[in-house]
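See structure below.
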Amino acid sequence: MKIILATGNPGKVKEIKKILEPYGLELIPLSHLSPVEPPPETGKTFEDNARLKAEFYARHFNQPALADDSGLEVDYLGGGPGIYSSRFAGPDATDEERYKKLLSMLKGVPHPQRKAAFTCVAVLVFPDGKELKTEGRLEGFIATRPAGSSGFGYDPVFYLPEYGKTTAELGEEKNRISHRFRAFKAMGELISGKEI
């Protein structure tokens with residue numbers, strides 16, 4: 001099955017392709033299609049935004065389209081930055097600027113109150129409007145300082161007590177436990193009808 005992978009983020013494309021490889025799906029990144037202005041992410045939840053993108057590209061290209069929306073939810077910030085994770089420090093901020101802003105907002109906050117989760121919702125929309133939805137979560141804490149050089153986004157400050165490391169220190173192992181891995185593995189199983 002040919003599916004449009006509705007993201008312009010090359011890091012995500014690589015990660016998602018690897019997760020879905022065992023399911024024999026042919027994923028077409030947006031970079032391989034004629035350019036189109038992406039829809040504004042006006043949803044109130046991860047699911048809303050993922051559906052918005054998938055519906056837009058499925059309609060535009062008349063092909064099944066798979067999109068996700070994901071972000072970091074921090075208990076102390078009432079679930080923020082949530083759907084605003086990538087725009088948290090401004091529209092053109094770097095990953096480092098985003099996590100530094102987060103660390104400054106949590107300065108002096110004790111460990112038990114630094115509980116956080118990465119959440120990812122994936123939605124596949126077919127041209128006829130039919131859809132499939134899956135979700136993945138990874139729970140941890142916000143570290144007091146960044147560590148590690150692999151991964152992207154908030155990985156250097158997302159600490160997993162069971163590993164004693166941030167997700168940026170896990171390397172390849174992160175891809176086997178991440179919120180995105182969990183959401184897209186479940187999606188692969190739904191589409192192909194097989195568990196791998």
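The values are calculated or read from the model by the stated rules, or taken from the named source; none is laboratory data. Worth saying up front: this structure is predicted, and the values here are computed from it rather than measured. Glycine gets a Cβ as well: all are built from the backbone with ideal geometry, and neighbour counts include every protein chain shown.
Go through segment 12-37 and give me each residue that's touching a Lys or Arg at 6+ places or on another chain (Cβ under 7 Å), without any contact (Cβ under 8 Å) to a residue 60 or more places away in the chain and either farther than 17 Å from Tyr57 by Cβ or not acidic (Asp, Glu) (or both).
Across segment 12-37, the qualifying residues are Leu27, Ile28.
Within segment 86-94, is there a residue that is closer than 19 Å to Glu47 by Cα and outside any loop (DSSP other than H, G, I, E, B)?
yes
Based on what the data block shows, is Pro22 part of a loop (DSSP other than H, G, I, E, B) and out of contact with any Cys (no Cβ under 9 Å at 6 or more places or on another chain)?
Against the criterion (part of a loop (DSSP other than H, G, I, E, B) and out of contact with any Cys (no Cβ under 9 Å at 6 or more places or on another chain)), Pro22 does not qualify.
Scan segment 114-135 and give yes if some residue there is more than 30 Å from Gln63 (Cα to Cα), at pLDDT 95 or above and more than 17 Å from the chain's Cα centre (by Cα), otherwise no.
Looking through segment 114-135, at least one residue is more than 30 Å from Gln63 (Cα to Cα), at pLDDT 95 or above and more than 17 Å from the chain's Cα centre (by Cα).
So which residues in segment 95-145 are surrounded by fewer than 18 Cβ atoms within 10 Å (Cβ to Cβ), part of a loop (DSSP other than H, G, I, E, B) and not aromatic (Phe, Trp, Tyr), if there are any at all?
Those that are surrounded by fewer than 18 Cβ atoms within 10 Å (Cβ to Cβ), part of a loop (DSSP other than H, G, I, E, B) and not aromatic (Phe, Trp, Tyr): Lys107, Gly108, Val109, Pro110, Pro127, Asp128, Gly129, Lys130, Thr144, Arg145.
Please go through segment 13-48 and give me each residue that is among the aliphatic types (A, V, I, L, M) and more than 22 Å from Arg176 (Cα to Cα), ordered by number. Show your work before the answer.
Restricting attention to segment 13-48, the residues satisfying the condition of being among the aliphatic types (A, V, I, L, M) are 13, 16, 19-20, 25, 27-28, 30, 33, 36.
Those that are among the aliphatic types (A, V, I, L, M) and more than 22 Å from Arg176 (Cα to Cα): Ile28, Leu30, Leu33, Val36.
Could you tell me which of the residues Glu96, Glu135, Glu131 is over 22 Å from Arg182 (Cβ atoms) and in contact with a helix residue (DSSP H, G or I) (Cβ under 9 Å, 6 or more places away or on another chain)?
Sole residue among the options that is over 22 Å from Arg182 (Cβ atoms) and in contact with a helix residue (DSSP H, G or I) (Cβ under 9 Å, 6 or more places away or on another chain): Glu96.
Among the residues of segment 103-110, is any of a type in the set (Ser, Thr, Tyr) and farther than 15 Å from Asn49 by Cα?
Yes; the residues of segment 103-110 include at least one that is of a type in the set (Ser, Thr, Tyr) and farther than 15 Å from Asn49 by Cα.
Residue by residue through segment 68-93, note down the ones that are under 27 Å from Ser34 (Cα atoms), in contact with a strand residue (DSSP E or B) (Cβ under 9 Å, 6 or more places away or on another chain) and either surrounded by fewer than 17 Cβ atoms within 10 Å (Cβ to Cβ) or basic (Lys, Arg) (or both).
Once the filter is applied, which keeps residues that are under 27 Å from Ser34 (Cα atoms), in contact with a strand residue (DSSP E or B) (Cβ under 9 Å, 6 or more places away or on another chain) and either surrounded by fewer than 17 Cβ atoms within 10 Å (Cβ to Cβ) or basic (Lys, Arg) (or both), segment 68-93 yields only Arg87.
Every residue, every condition in (1) loosely packed, with under 14 Cβ neighbours inside 10 Å; (2) in a strand (DSSP E or B); (3) at pLDDT below 95, yes or no:
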| site | (1), (2), (3) |
| --- | --- |
| Gly8 | yes, no, yes |
| Glu15 | no, no, yes |
| Pro35 | yes, no, yes |
| Pro38 | no, no, yes |
| Glu47 | no, no, no |
| Lys53 | no, no, no |
| Tyr57 | no, no, no |
| Gln63 | no, no, no |
| Leu66 | no, yes, no |
